1. Suppose a student asked you for the relative contact order of chain A, using Cα pairs under 8 Å spaced at least 6 residues apart; what percent would you report?
2. Taking the label point as lying 7 angstrom from Cα along the Cα-to-Cβ axis, what are the distances from B:Pro26 to the corresponding position in the remaining copies, in ascending order and in nanometres?
3. Taking only pairs that are 8 or more places apart or on different chains, how many Lys pairs in the protein assembly as shown have Cα atoms under 23 angstrom apart?
4. Considering all alpha-carbon pairs of segment A:155-240, what whole percent are spaced by more than 17 angstrom?
5. Do you know the relative contact order of segment B:4-143, to the nearest whole percent, from alpha carbon pairs under 8 angstrom that are 6+ apart?
6. From the label point of A:Arg38, set 7 Å along Cα to the beta carbon, how far off in nm is each other copy's matching point, shortest first?
7. Dipole magnitude of segment B:1-157 about its Cα centre, charges +1 at Lys/Arg Cβ and -1 at Asp/Glu Cβ only, in debye to the nearest 20?
8. Exactly which chymotrypsin sites (Phe, Trp or Tyr not before Pro) in segment A:40-92 are in a DSSP loop and have at most 16 other Cβ atoms within 10 Å?
There are 2 protein chains.
Amino acid sequence: MTDPAILTLQDSPLARKLSAFVRLAPADLLAVSDLHRRRRKFAVGSEMIYQGQTDQVAFVLASGWACSYKILPGGTRQIVDFQLPGDFLGLRSVLFRTSDHNVEPITPVQASEVTQRDLLSVFASTPRLAAAVLWAASRDEAMVVEHLVDLGRRSAAERMAHFLLELNARLRLVGMADRKGFACPLSQYLLADALGLSAVHVNRVLRELREEGLVTFQKGQVTFDDYDGLVEAASFDRAYLDHDGPLLI
Amino acid sequence: MTDPAILTLQDSPLARKLSAFVRLAPADLLAVSDLHRRRRKFAVGSEMIYQGQTDQVAFVLASGWACSYKILPGGTRQIVDFQLPGDFLGLRSVLFRTSDHNVEPITPVQASEVTQRDLLSVFASTPRLAAAVLWAASRDEAMVVEHLVDLGRRSAAERMAHFLLELNARLRLVGMADRKGFACPLSQYLLADALGLSAVHVNRVLRELREEGLVTFQKGQVTFDDYDGLVEAASFDRAYLDHDGPLLI
DNA sequence: GCGGGATGCTGATCCAAATCAGCCCGGGGG
DNA sequence: CCCCCGGGCTGATTTGGATCAGCATCCCGC
């Protein structure tokens, strides 16, 4: 593990994330870097994936943030999840013909295109990596479920606290956050669409959390003033984020 | 397809459901019926799968209804989804070590135990069936996402209407419903826990929908008084339920 | 036949969050 | 230079749904 070439390979967010749970062999790391072959850039207004699209293409985020959402008749939208560096997006639409949601960048994004062929070849040649990818997908699903619980049964403040803690945990995996806080490009409108609140209310909730000395979210920076207190307020149990790795192989 | 033995095999809810999307060969149908080898019964109070459990076992529902849910500190719970005959449950916990939610029967249930070994052998020997199973899993995920949208951005009445229409569509696939309605064993408390409402409010919403002449839900029977009107009221778009089948193989 | 536990139903009240309306600030473009 | 526009911020008012309280019914065990 001291070979500098390997260290370089390990440096993509995807590799960092997967390495946190499965010990990847040099061959696996090579395959990961191979997935990053076809780099593309997306500007903020653009669409990476859209409802009804029929290409079978997925992406791995290399840098920047994106969000996946559904639009309702009536114009409102619900953000299902945010994608951070190292995350897959559109994984499901590689295997199936059509996508049922949209994905769009929140910041300028660099992403690598992954085709069905790429994915199948990874699955065939490096089963250990395949298992890691499945693990990541299953973790994403667990996050959607937790998000559902947020919307169904938690108060606005709990939701917000829970959400910020989850983001923090995810970003730490790729080295973009620590216990102190992280840089966050989300506007209050985006938070509102994700948390099922109005933007006005998001503002008030953030103020309350700040006044209680728990978190400060200002100028694109989230700062945990009292991490443990926030965990308490959100009744945040990170079990759903670090469930055990895959057993296959 | 006129061989009576094949017709019998086709008669499990799982086979019916999968056949609606992938044309299953006789060998596939045999493999399906093979999954039903280890039949088990569960009574209403029992736990089929529970948070933190470490067995790698999944089930296919043969008869009866179940629900998967998460309990929050504070005692409230959020039902993530209902499982109907023909549905898998705990599929994710076969591949990963621990389950992050509970599954319990709503009515007496007959289910077939499926081990990791069974599943892997199906994947290896009948790829067409494997693709169908993946398709079903992906459809379940799409339903969770739609449920999330429900909780985040739809009013109580829209949620209820949407939910009843979705249930109807799912039950039709296994021959347990038609355009007129279906038998539904869910109590108003269960509806409340699924829709993120209080039981009291569920009652009122059901009354409103009834008084508007849209649906009647009484005595364990859901009757669509005005199907199209309900679709309208729910802005129900079933695209997410019948996305295209898998392309693999 | 009786008592008790679910479940359905309803009115009165309360509260969290939406909506409406408007302010301030900073940055980019004409 | 100024204007506009997106983002953050705030008060006043309204509203959807929760909570509390209580009633009726049915079913089941004894």
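A short reminder: the numbers here are calculations on the coordinates, not readings from a lab. Everything numeric in this text was worked out from a predicted model, so none of it was measured. In this analysis, Cβ positions are derived from the backbone assuming ideal geometry, glycine residues included, and neighbour counts consider all displayed protein chains.
1. On the way: 418 pairs, mean separation 49.5, N = 249.
Here the relative contact order equals 20 percent.
2. Spelled out, the distances from B:Pro26's label point are 5.3 nm.
3. Values: A:Lys17/A:Lys41; A:Lys17/A:Lys180; A:Lys41/A:Lys70; A:Lys180/A:Lys219; B:Lys17/B:Lys41; B:Lys17/B:Lys180; B:Lys41/B:Lys70; B:Lys180/B:Lys219.
Lysine pairs meeting both conditions in the protein assembly as shown amount to 8.
4. Details: 1508 of 3655 pairs.
Cα-Cα pairs in segment A:155-240 separated by more than 17 Å: 41 percent.
5. Working: 264 pairs, mean separation 44.9, N = 140.
Once normalised by length, the contact order is 32 percent.
6. 4.2
7. On the way: 17 positive and 16 negative charges, 6 e Å.
With Lys and Arg at +1 and Asp and Glu at -1, about 20 debye.
8. Working: sites: A:Phe42, A:Tyr50, A:Phe59, A:Trp65, A:Tyr69, A:Phe82, A:Phe88; in loops: A:Tyr50, A:Trp65.
Filter output for segment A:40-92: A:Tyr50.
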